[in-house]
């Protein structure tokens, strides 16, 4: 994977920093930002400089390291545990829907607790071990992406038209993506197909990010407005829909970028398979159904303005949910790094994850 596609990268050792591609500026400007504090990382997550559930999780895993940098190796081990806990509690408040954020920070906290059971561990050793765990999460994400692509590429045939929504590529993960990984792997095998990328209002992740990634990879991509999808399906131009996910409930109901639910209905109406590509860490078995998934509400300005130009009258109310929930019965299959869950339901999901 080239450095240009590394959305998240730790630079240096225990005193290093987190490097992120600033996705707010793409495709017009390719800029990397450096996070040297937990507060900077929080802002990067909150303002979508880094986005995509897996990428958010990987980035957050490095957050406690930034907090630990404020301590010295001579400080008590309990101070390290406290710093990890405080940083984690702060970062999880950045965004409420993407479960990978919670999963990664919970894993770091559990690792910290396990390390601290050895009373002879120094704070210096503690910091090194926490950094090593964050690196493991990073490497697992890279491998996860590759396996999702390998497992899902069979659903893409020559001359297919594939629809995707939002961005679930390298910019959304530490590796080559989830939904886009399926396309990258199909492309690597010489398959010829076209991708239709919904622009994905209001922040245009499809037009700005997905189209940019696919063009970089040499894959035939066409950008369409979000409200054009049904007509393309009616014309027979769409053979499959593949999207990512931010949280999947125990029964298979799936939260993804706003507009995904509508696509699932259109796909079902036209007899088109609808696939979700996501890692096993995106499943939240503590949530029974999609009705319990928290939906992030974002600032009205994202809808009121585009590129700084206001086109909604002053005083008009704005409703801006960042996600919606696609019911499991609308999903043909969920593609994970472990394999395929056909016709997902609670029983099949639990068996798959076990």
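Quick look at the values:
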| quantity | calculated |
| --- | --- |
| Among 14, 334, 276, residue whose mean-square fluctuation peaks in a GNM of the chain (springs only between Cα atoms under 10 Å) | 14 |
| Two-site label geometry, residue 150 and residue 234: point separation in nm, points 7 Å out along Cα→Cβ | 4.3 nm |
| Ranking of 93, 289, 317 by count of other Cβ atoms within 10 Å, fewest first | 317, 93, 289 |
| Estimated [θ] at 222 nm from DSSP helical runs (n ≥ 4, -39500 (n - 2.57)) normalised by residues in the chain, nearest 500 | -11500 deg cm²/dmol |
| Helix 99-116 vs. the chain, principal-axis angle (Cα, 0 to 90°, nearest 10) | 20 degrees |
| Crossing angle, helix 77-91 versus the chain [Cα axis fit, 0-90 degrees, rounded to tens] | 20 degrees |
| Pair residue 289, residue 136: separation of 7 Å Cα→Cβ label points (nm) | 3.7 nm |
| Peptide ranges 125-131, 184-190 listed from the most packed, as the mean C-beta count within 10 angstrom indicates | 125-131, 184-190 |
| Region 231-275 residues near the modelled residue 296 label - backbone nitrogen below 12 Å, point 7 Å along Cα→Cβ | 246-247, 256-258 |
| Prolate/oblate/rounded label for region 154-353 (Cα gyration tensor, a/c 1.5) | oblate |
| Using alpha-carbon coordinates, inclination of helix 123-152 to the longest axis of the chain, degrees | 20 degrees |
| Burial ranking of peptide ranges 218-224, 82-88 (average Cβ count within 10 Å, highest at the top) | 82-88, 218-224 |
| Region 3-147: C-alpha gyration tensor shape, a/c 1.5 cut-off, then a/b vs b/c | prolate |
| Region 70-85 residues near the modelled residue 120 label - backbone nitrogen below 20 Å, point 7 Å along Cα→Cβ | 73-78 |
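The numbers here are math on the coordinates, done by the rules we state, and not lab data. The shown structure was predicted, so the numbers you read here are calculated from the model rather than taken from an experiment. So basically every Cβ, Gly included, is an ideal-geometry build from the backbone, and we count neighbours across all protein chains shown.
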